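The structure under discussion appears below in the form of structure tokens.
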Amino acid sequence: MQRRPGFPAKLPGSATTPAGAPSQRSAVLGARPIAAMAVGVGLDSAAVRARMVQKLAAGGVTSPQVLQAMGQVERHRFVDSALGNQAYEDTSLPIGMGQTISKPSIVARMCELLLGAEVARTAGLGRVLEIGTGCGYQAAVLSLLAREVYTLERVRSLHEKARDNLRPFRLANVHLMFGDGMLGYPSGAPYSAIIAAAGGDSVPQAWCDQLAVGGRLVAPMAVAGGQQMLLVIDKSAHGLKQNVLEPVHFVPLKSGIA
Ligand code: SAH
């Protein structure tokens with residue numbers, strides 16, 4: 001039987017802050033004592049991840065925090081063992097229920113955008129809301145970049161899969177919730193950042209309402225003609241400012257639970 005070592009990312013000082021607490025303390029990134037461990041699936045995963053990170057950097061990801069986080073999270077633990085040998089390729093992979101784990105380059109891209117939020121630049125990423133937990137991979141990456149991660153999944157079996165996948169990582173700052181992400185999660189608001197891993201036709205009002213002033217929302221969204229584009233919305237004291245970036249391909253954002 002394969003041993004599943006605990007993920008060495010139990011962070012000092014990452015105890016849960018009561019939801020709704022106003023403090024937005026800076027996360028001391030880079031000071032976290034995380035050593036990647038080479039484990040299982042017939043590959044030296046630390047070395048393969050290092051190569052993936054080199055490719056991400058060559059592809060334009062510049063944030064050292066994001067590159068470090070991508071190098072630390074063992075992506076092969078989030079996919080079926082039969083797909084383990086593809087885990088560090090820049091490709092999305094099936095996770096069951098017709099859903100996919102996002103490809104590393106888009107996870108890195110979106111995380112880098114989140115770090116560009118005004119509040120993140122001044123005080124670090126505080127609370128982050130993720131819509132679409134899927135297998136939990138992106139939530140694990142976010143846990144290394146934000147103080148608290150609230151993540152919502154509408155498909156119960158995937159919510160449970162994410163819980164199983166994340167358990168050995170022992171990430172005290174990741175809060176997994178089962179529910180319809182279109183409604184956001186008011187108890188954790190306001191959020192420094194909101195990130196959606198599924199694309200709809202419009203941005204739910206709840207997301208804008210639950211975003212902090214100085215916060216940033218990053219989401220795939222269908223524009224005229226049905227093309228899905230990556231959308232960035234920044235909230236300031238003067239209102240919301242929207243930027244449409246590059247085309248993307250995400251699974252659909254659906255309402256209700258399944
Ligand atoms: N974050 C994942 C990506 C999962 S795919 C990763 O790390 O790779 C997107 C997920 O969004 C799917 O699991 C899908 O079930 C979920 N989803 C779609 N609409 C949703 C909604 N309204 N609320 C919560 N989750 C939703």
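The values are calculated or read from the model by the stated rules, or taken from the named source; none is laboratory data. Note that the structure is predicted; figures quoted are calculated from it, not measured. No Cβ is skipped: glycine too gets one built from the backbone with ideal geometry, and neighbour counts run over all protein chains shown. Note: areas computed on protein heavy atoms with side chains; ligands, DNA, RNA excluded. Shrake-Rupley method; radii C 1.70, N 1.55, O 1.52, S 1.80 Å.
The figures follow:
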item: Compactness of the range 135-193 as Cα Rg over 2.2 N^0.38 Å, two decimals; result: 1.06
item: Length added when fully stretched, THR91-LYS241, from 0.36 nm per residue minus Cα-Cα; result: 50.9 nm
item: Förster radius 30 Å - calculated FRET efficiency between SER202 and ALA50 (Cβ-Cβ, nearest 0.05); result: 0.15
item: Whether the range 90-224 is rounded, prolate or oblate, judged on the alpha carbon gyration tensor where a/c under 1.5 counts as rounded; result: rounded
item: Per-residue SASA entry for THR91, accessible area with 1.4 Å probe, Å² rounded to 10; result: 40 Å²
